[in-house]
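Asks: Structure incoming, see below.
The values are calculated or read from the model by the stated rules, or taken from the named source; none is laboratory data. Quick caveat: nothing in here was measured; it's all calculated off a predicted structure. Reconstructed Cβ throughout: ideal geometry from the backbone, glycine too, with neighbour counts over all protein chains shown. In case anyone asks, the SASA skips ligands and DNA or RNA and just uses the protein heavy atoms, side chains included. Shrake-Rupley method; radii C 1.70, N 1.55, O 1.52, S 1.80 Å.
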Amino acid sequence: MQRNYNYIYSKLIEKDSDLIGHIAYSLYKKSKIEYIEQQQTGGNQLTDSDLVPFNAFSSSDSSIDSYKLKAELIVQGFIENVLEEELENYKEQAVNQQAEILKGIIKPLTSGFWGNVLAGLVSAFIFAAILAIIGFIIQFNGSTFSINVNKAEKESVQKK
């Protein structure tokens, strides 16, 4: 018995690298499997003559265009998903890199800040200690140091 071949493969796939065509062909094969499963009753196998209506319908120009359109939509959806994932990855990488850059900028500033605060406290303590030493020296030597504020105020008021 001679088999009837459906030449839909050559109608859907133009060359080996035709991704849309290969996906369209897999959609055709899925439709064929669904058709066969619907037509089988009681476990009987379909013959080639039983597939003639399916082959005629699936080989029509509108069916071929439909398979190709569905394949294009699948590829488009796939590309959109991949691009969305990549965009999210790039955003995440950009945020992480920005955080690292900011840490690199802030770290010297904060370590310098606390170092400057410590230096300021030490210098204030040394200055207070020097003043205390001078005060003790003056007090124990019996020297007095006084400022007559009232006299200075009177002179400034009189000049006006």
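Asks: Is there a residue being surrounded by 10 or more Cβ atoms within 10 Å (Cβ to Cβ), of a type in the set (Asp, Glu), farther than 30 Å from Leu12 by Cβ and out of contact with any Asp or Glu (no Cβ under 7 Å at 6 or more places or on another chain) anywhere in the stretch 62-69? Can you show your working first?
Replies: Quick first cut of the stretch 62-69, residues surrounded by 10 or more Cβ atoms within 10 Å (Cβ to Cβ) only: 63-69.
Going one step further and asking which of them are of a type in the set (Asp, Glu), we end up with 65.
Of the ones still in play, those that are also farther than 30 Å from Leu12 by Cβ are none.
Checking the stretch 62-69: not a single residue is surrounded by 10 or more Cβ atoms within 10 Å (Cβ to Cβ), of a type in the set (Asp, Glu), farther than 30 Å from Leu12 by Cβ and out of contact with any Asp or Glu (no Cβ under 7 Å at 6 or more places or on another chain).
Asks: Taking helices (runs of 4 or more DSSP H) that do not extend beyond the stretch 48-160, which have at least 1 residues that are modelled with pLDDT of 80 or more, β-branched (Val, Ile, Thr) and under 30 Å from Tyr25 (Cβ atoms)?
Replies: Values: elements: 52-58, 61-140, 149-159.
Result: 52-58, 61-140.
Asks: Based on this model, can you work out whether Tyr35 counts as aromatic (Phe, Trp, Tyr), in contact (Cβ under 8 Å) with a residue 40 or more places away in the chain, under 30 Å from Gln76 (Cα atoms) and touching a helix residue (DSSP H, G or I) at 6+ places or on another chain (Cβ under 8 Å)? Quick ask: steps written out before the conclusion?
Replies: On the way: aromatic (Phe, Trp, Tyr): yes; in contact (Cβ under 8 Å) with a residue 40 or more places away in the chain: no; under 30 Å from Gln76 (Cα atoms): yes; touching a helix residue (DSSP H, G or I) at 6+ places or on another chain (Cβ under 8 Å): yes.
Against the criterion (aromatic (Phe, Trp, Tyr), in contact (Cβ under 8 Å) with a residue 40 or more places away in the chain, under 30 Å from Gln76 (Cα atoms) and touching a helix residue (DSSP H, G or I) at 6+ places or on another chain (Cβ under 8 Å)), Tyr35 does not qualify.
Asks: Taking the stretch 1-25 as the search range and keeping residues that are among the aliphatic types (A, V, I, L, M) and at pLDDT 90 or above, which one is most open to solvent (accessible area, probe 1.4 Å)? Give the derivation first.
Replies: As a first pass, look at the stretch 1-25 and keep what is among the aliphatic types (A, V, I, L, M): 1, 8, 12-13, 19-20, 23-24.
When the remaining residues are screened for being at pLDDT 90 or above, the result is 12-13, 19-20, 23-24.
Values: Leu12: 1, Ile13: 12, Leu19: 106, Ile20: 45, Ile23: 37, Ala24: 0 Å².
Filtering first and then ranking leaves Leu19.
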